[in-house]
1. Please report the antiparallel percentage of the DSSP beta bridges confined to the protein assembly as shown, to the nearest 5.
2. Counting only C-alpha contacts under 8 Å and six or more residues apart, can you give the relative contact order of chain A as a whole percent?
3. Cut-off 10 angstrom, C-alpha nodes, Gaussian network model of chain C. Which of C:TYR64, C:TYR121, C:TYR15 fluctuates the most?
4. Which percent of the accessible area of chain C is formed by carbon and sulfur heavy atoms (probe 1.4 angstrom)?
5. Can you give the mean number of other chain Cβ atoms that lie within 10 Å of the Cβ atoms in peptide B:120-132?
6. Taking a probe of 1.4 Å, how large is the accessible area per residue of chain C, in Å²?
7. Using helices alone, I'd like the mean residue ellipticity at 222 nm for the protein assembly as shown: each DSSP H run of four-plus residues gives -39500 (n - 2.57), total over residue count, nearest 500.
8. Rounded, prolate or oblate for the stretch A:232-356? Axes are the square roots of the Cα gyration tensor eigenvalues, ordered a ≥ b ≥ c, and the cut-off for rounded is a/c under 1.5.
Amino acid sequence: MPAHDIVIVGGGGAGLRAAIAIAEAAPSLDVALVSKVYPMRSHTVAAEGGAAAVIRDNDSLDHHAVDTISGGDWLADQAAVEVFVQEAPAEMIRLEHWGCPWSREPDGRVAVRPFGGMKLERTWFAADKTGFHLLHTLFQTSLKYGNITPYDESFVTRLLVADGRCQGVATIELQTGHVDVIAGRAVILCTGGAGRVFPFTTNGAIKTGDGMAMAYRVGVPLKDMEFVQYHPTGLPGTGILITEASRGEGGILVNRDGYRYLQDYDLGTPLDVSDERHPVKKSMELGPRDRLSQAFVKEQQKGRTIPGPYGDVVHLDIRHLGQARIDKKLPFVRELATKYVNIDPVYEPIPVRPVLHYFMGGIDTDVEGATVLPGLYAAGECACVNINGANRLGSNSLTELLVFGARAGKAAAAFAREHPPPDLAQLDKQGVEEQHRLARRFIQKTGGHERIAGLRQEMRDAMESGAGIYRTEAGLQAACDALAALRERFADLQLDDRSLTFNTELTAALELDFMLDVAEAIAHSALARRESRGSHQREDHPERDDDAYLKHTLAFCNGAMPRIDYQEVSITRWPPAERVYGR
Amino acid sequence: MEKIALEVFRYRPEEEQTPTFQTYEVPLHKDWVILDALNYVKDELDGTLSFRHSCRMGVCGSCGMMVNGDAVLSCAAFLTDYRPGPIRVEPLANFPVLRDLVIEMNDFMAKLNRVMPWVVREQEKPVEEGEYLQTPEELMDYKPYAMCINCMLCYAACPVYGLEPEFIGPAAIALAQRYNLDNRDEGNAARMEILSTDEGVWQCTLVGECSTVCPKAVDPAGAIQRYKVASTTAWWKSKLLPWSR
Amino acid sequence: MSHYPRYRQFYPKLYRKRMPIFWWVHKRAHIHFIARELTSVFVALFAVELVLLVRALSEGPAAYAAFLDWLASPLALVLHALAFAMLIFHSVTWFNLAPKALVMRVGKTRVPAWAVAGANYAAWVVVSAVLAWIIL
């Protein structure tokens, strides 16, 4: 059994940033970086538009904080937001020093672009592959530290708790099927979101909420899970993301009549695209994602969207930017649209529809990334600090994983220094138990009637119909019931693959198991929140209700269905007010 | 619904010594890529088929395979382009096969590590002093080489790597050049110790297939040739002007 | 993080396929590559011939005349025609690759590939013309 000082689960942006933070702050500590893929495959790679941090003289930290807090419909913890905006610029500069190919001004300074819900240009970008460059820069930089040991393609199945603290993880080494324990004085979860619990998502196949479910199972609550973000512009069919930067650069959204329909939904009045003040910040196409996705649904109900083979779409038009600007600032958008929907955006508008993109909620942590379980930390999309409130602003998530990845790394390092080495005997016993559980329930399981793909699809359909952009009591209750039934049927799984070498049927089954937990937490949290706020829109409770619900939802694992509880929101300087865009 | 046949390479190391091919009939949707077809097989026909994949948008680099003998990203290769079939799907060439379409890539990972793909500096600039300046032109000097997604199609297409596995290979050398050409980096001399060896650029005989198959237009062949020129110039300089270092 | 596999305790049973000798016959690009490499043999042959010519010259007028006679024989003419074709192929493929190795800049813009290749061809023509002028 390998033992380290700190075990990081997940090799995406947050995990790598945490690893580097530890390597720099505490070179004597030894870090295990465990990933179910290779780090550079992590889904951070797919982020496109950019990362927000105040850098220009006309901007201020308070502006960034206010945008973030109002964008999140006042559910963000303001103390955490203040930490976030304060540490963001240094994190971005650090990344620049590590070699990130940020796009530049002619004089060599880093360039910034406008983004939805942001008052000023503050989004740093590397053309439209920011996540890709950020991930590869972090990964390549991590290679220079000798005290980070990679455990690639090691699938973590369980967190191991002994003496009331988290002391390691049980893993399956995918290439051999070998079940082992990786022990540590502290564990950091950086496993990303769970977009795959929905049928139509920008998220890659690996985003199945493993870390969220594992934390949940050892008693750590999942916070604000009802807040899931629909990105307004995904390609129909595949759900491939078309970045918000396309609107930041001046792209517009039009309905079947070529009409900029957002003006009908309290998002401002449109300026002509030739007007040099276009695009106006925090207005029209640069409104926040929740409001834009909701406007699409309303427009669809009016019958003004465009029917397509994969459901209704609207058009994202960037033709007026011209080929030169598109190729310079949005080359990936052009590549993706041309390849996957056979539309060259230089000449034709791109068909788009809202697509599930991001989880505001996640493992409940404080600003240091610490959970209620001693020794367990979390950062990135899998965690919920919460700085995003009820709706995240575009380009805050890459910054979040840097700021809180680094903070979680440092906090875990401090914890590891103050605590004794893991209790290997206890962990070994738990590892053997886990190995037996995996063998009994999956590898050696015979009989069964349910296919993984069938259950997975039913789960996704239940989530879409019950917990989509607009929700109702009845719809959510139906989703909760459907999920409970799926949980029972999961026990009757039929598996074909009995081998140990790279058994992807086994991992698909384990991922479905995790996703069912996450889905239940979402549906039950949404059912309990009888108000509308940000991305959580209840048709039966259309108003925001600060008296009853200006608080975070906590979902605790509790047998058959989650127990829901609440936590205060930290309000420092910005009392709740109306969200205003375009006025 | 029109169908198309996939002949998929199967290797189950716990059951068989040598690989076989298994044929699956899949629906020929016009917007399906090879990866969609493989997922259909896994979900509906045969749960034991193993392959790597994630983002399905050509940026994570997981799903490289040989399709009818060519190295491609299976998320970017459309079924209709292979009509009427059958389509032969195999693991990436030149790598040992772990199982089915999953290759073993420890060698590649180790090689990435060897070329020191990070900014090497004698003196780090303090964060408080802000960013390094880099003009858009300086950015473009190395940016094309920074587009590599580590999908390893270039290794699968490179006969030199197939014949001489110690060759550091196209992607790793291109990555070294990415940092060499970055005005923030000072690691050129250190990297030369690796790149100028027999395992480095001089193994390359310029077949050029690495650049042909690259899905991100990185042009590793160009990177290697440029490095040969740079390395030769440096050698002559060190011989003719030994005091210049 | 050093990416060397230090932790694997149970190595999987890998399947390794060896490259066959005739790996290059299946693809046009590979055949093209092998052809380019093989034509370099003729470049070497010309060099050998030049050495033989110099040796004949050093051995006196008789040897030199005999060598010239041999060069005028039908067999030698056929061989030279073949070699010339091979050299043209070799040179063209070589010059076409030149822009890959040579990245030049004028001011802020990169010299386009066609210009680099074109400059190579131009130099080739000039050198050939000078040689032709000296010899003919």
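1. Values: 65 of 91 bridges.
Among the beta bridges of the protein assembly as shown, antiparallel pairing accounts for roughly 70 percent.
2. On the way: 1403 pairs, mean separation 129.9, N = 583.
Relative contact order of chain A: 22 percent.
3. Maximum among the listed residues: C:TYR15.
4. On the way: 7350 of 9900 Å².
Of the solvent-accessible surface of chain C, carbon and sulfur hold 74 percent.
5. Numbers: counts 2, 1, 0, 0, 2, 3, 2, 8, 2, 2, 8, 15, 7.
Across the residues of B:120-132, the mean count of other-chain Cβ atoms within 10 Å is 4.
6. For chain C, the per-residue accessible area is 73 Å².
7. Details: 28 runs with 374 residues, N = 964.
That calculation yields -12500 deg cm²/dmol at 222 nm.
8. On the way: a/c = 1.66, a/b = 1.05, b/c = 1.58.
Cα axes put the stretch A:232-356 in the oblate bin.
The values are calculated or read from the model by the stated rules, or taken from the named source; none is laboratory data. All values reported here derive from a predicted model rather than from experimental measurement. Because the Cβ atoms are built from the backbone with ideal geometry, glycine has one as well, and the counts that use them run over all protein chains shown. Accessible surface areas use protein heavy atoms only, side chains included; no ligands, DNA or RNA. Shrake-Rupley method; radii C 1.70, N 1.55, O 1.52, S 1.80 Å.
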